[in-house]
Amino acid sequence: MNIAFFGTSDIGIETLKSINEHFSVKAVITTKDKKGKRNKILIESPIKKQAIKLGLNFFQPEKFDDNFLSQIKDCQMGILFSYGKIIPQNVIDAFKYGILNIHPSILPKYRGASPIISALLNGDLYTGISIIKLTKDLDAGDCLMQKIIEITPDDNNITLSNRISYLASQMIICAIEFYKDGLLKPKPQKGNISYTKKFNKNDALINFETDDACFAVRKVKAFAGYLDAFFYYNSKIYKILKASVCDLSATPATVVKVSKNSLIIACKNKSISIEQIKPEGKNAMSIEAFLAGHKFQCGQKIT
């Protein structure tokens, strides 16, 4: 079986490696290199870097024209995982078995670009993986296989993405084999449909006056390794990398408790205890290391 793999972000790396071990990956399709800060350098996608490491042919098409179709003509199936672009119907139809899309949610819940972040931000106890037939409509194809995954209290965007990445790389091998042999019958998605948004920096801002502590901590978990939840203090950005909810209460956006190893800030409801932080222009550090160089007082306003 010759496979064309469509992907961009690092969540698809394990799947690409797994498919390459079991089948023949004839083409890796990823997005164009992005301009870095101040447009000085071009940043390659994680999937492009992995394709180079594996010695695979990769393509970064701006459009899916006849030239592109000629590059995938020997492939019987496409696999897509976090590619980031809409695939037109003529490309889907170019494959004998179509394209299988790996989506990190239990569809039809959380269709769209940010299902893992959305599940963490909403405080869900479970998420999952759906393997569906790709269609021109966003994440709307018939379902071939699903797996429910528990979200643990310690999970954040990084740990949950890593677990999904590994499990998806195992599921897809079975899906390819079973579907090719006619053992998987596509079934329409069932349940309430919901869509995610593409999050931006403003979504990751923690406002101690308007956010309750539980939601603030969910932001820390949801945006970990992506945008990173943050707050402003003295006109500088401080990213919170790890935090927990504290039952202490006080005027929102004031320091409730401070010691050599503790910084607790009041929110709209309860408080947030910051455990790991990254000041603007500096490396990530424990709260103990941070407090050794930054002085706070109880009742101090954080603005």
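The values are calculated or read from the model by the stated rules, or taken from the named source; none is laboratory data. Small disclaimer: the values here were computed from a predicted structure and weren't measured. Positions of Cβ are generated from backbone atoms using ideal geometry, with glycine treated the same way; all protein chains shown enter the neighbour counts. When the accessible area is computed, the model is the full protein with side chains, heavy atoms only, and any ligands, DNA or RNA have been set aside. Shrake-Rupley method; radii C 1.70, N 1.55, O 1.52, S 1.80 Å.
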### Query
Which one is surrounded by the most Cβ atoms within 10 Å (Cβ to Cβ), of the residues in the stretch 1-58 that are closer than 24 Å to residue 174 by Cα and among the aromatic types (Phe, Trp, Tyr)?
5
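Which of the residues that make up the stretch 77-102 are part of a strand (DSSP E or B) and open to solvent by 10 Å² or more (accessible area, probe 1.4 Å)? Outline the logic, then answer.
Going residue by residue through the stretch 77-102, those that are part of a strand (DSSP E or B) are 77-81, 99-102.
Across the stretch 77-102, the qualifying residue is only 80.
Going by the conditions given, is residue 268 among the charged types (D, E, K, R) and either open to solvent by less than 20 Å² (accessible area, probe 1.4 Å) or in contact (Cβ under 8 Å) with a residue 60 or more places away in the chain (or both)?
On the way: among the charged types (D, E, K, R): yes; either open to solvent by less than 20 Å² (accessible area, probe 1.4 Å) or in contact (Cβ under 8 Å) with a residue 60 or more places away in the chain (or both): yes.
So residue 268 passes the test.
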### Query
Of (1) at pLDDT 95 or above; (2) surrounded by 15 or more Cβ atoms within 10 Å (Cβ to Cβ), residue 71 satisfies all except one. Which?
(1)
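Being of a type in the set (Ser, Thr, Tyr) and over 15 Å from residue 216 (Cα atoms): is that true of residue 271 here? Can you show your working first?
Numbers: of a type in the set (Ser, Thr, Tyr): yes; over 15 Å from residue 216 (Cα atoms): no.
It is false that residue 271 is of a type in the set (Ser, Thr, Tyr) and over 15 Å from residue 216 (Cα atoms).
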### Task
Looking only at the stretch 128-151, decide whether some residue is closer than 29 Å to residue 213 by Cα and surrounded by fewer than 17 Cβ atoms within 10 Å (Cβ to Cβ).
yes
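Can you tell me which of 165, 105 is outside any loop (DSSP other than H, G, I, E, B), hydroxyl-bearing (Ser, Thr, Tyr) and open to solvent by less than 40 Å² (accessible area, probe 1.4 Å)? Walk me through it before giving the result.
Working: 105 fails: outside any loop (DSSP other than H, G, I, E, B).
Going through 165, 105 in turn, just one is outside any loop (DSSP other than H, G, I, E, B), hydroxyl-bearing (Ser, Thr, Tyr) and open to solvent by less than 40 Å² (accessible area, probe 1.4 Å): 165.
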## Note on the structure
Taking first residues from the stretch 221-239 that are without any contact (Cβ under 8 Å) to a residue 40 or more places away in the chain and second residues anywhere that are open to solvent by 20 Å² or more (accessible area, probe 1.4 Å) and of a type in the set (A, V, I, L, M, F, W, C), the pairs with Cβ under 7 Å that are 6 or more apart or on different chains are 227/199; 230/205; 230/237
### Query
Is there a residue being of a type in the set (Gly, Ala, Ser), at pLDDT below 95 and part of a loop (DSSP other than H, G, I, E, B) anywhere in the stretch 141-150?
no
#### Entry: From 52, 92, residue being closer than 15 Å to residue 26 by Cα, at pLDDT 95 or above, of a type in the set (Val, Ile, Thr) and out of contact with any helix residue (DSSP H, G or I) (no Cβ under 9 Å at 6 or more places or on another chain)
52
### Task
Identify, by number, the condition in (1) in contact (Cβ under 8 Å) with a residue 40 or more places away in the chain; (2) surrounded by 18 or more Cβ atoms within 10 Å (Cβ to Cβ); (3) of a type outside the set (Ser, Thr, Tyr) that residue 279 doesn't meet.
(2)
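Could you identify the single residue in 216, 224 that is within 19 Å of the chain's Cα centre (by Cα) and part of a loop (DSSP other than H, G, I, E, B)? Before you say what the answer is, go through the steps one by one.
Details: 216 fails: part of a loop (DSSP other than H, G, I, E, B).
Exactly one of 216, 224 is within 19 Å of the chain's Cα centre (by Cα) and part of a loop (DSSP other than H, G, I, E, B), namely 224.
For the stretch 194-204, does any single residue satisfy the condition of being over 30 Å from residue 2 (Cβ atoms), open to solvent by less than 50 Å² (accessible area, probe 1.4 Å), hydroxyl-bearing (Ser, Thr, Tyr) and at pLDDT 95 or above?
Yes, there is a match, as at least one residue in the stretch 194-204 is over 30 Å from residue 2 (Cβ atoms), open to solvent by less than 50 Å² (accessible area, probe 1.4 Å), hydroxyl-bearing (Ser, Thr, Tyr) and at pLDDT 95 or above.
To keep it simple, each residue is scored yes or no on (1) touching a Lys or Arg at 6+ places or on another chain (Cβ under 9 Å); (2) more than 22 Å from residue 18 (Cα to Cα).
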residue	(1), (2)
89	yes, yes
97	yes, no
123	yes, yes
134	no, no
139	yes, yes
144	yes, no
162	no, no
176	no, no
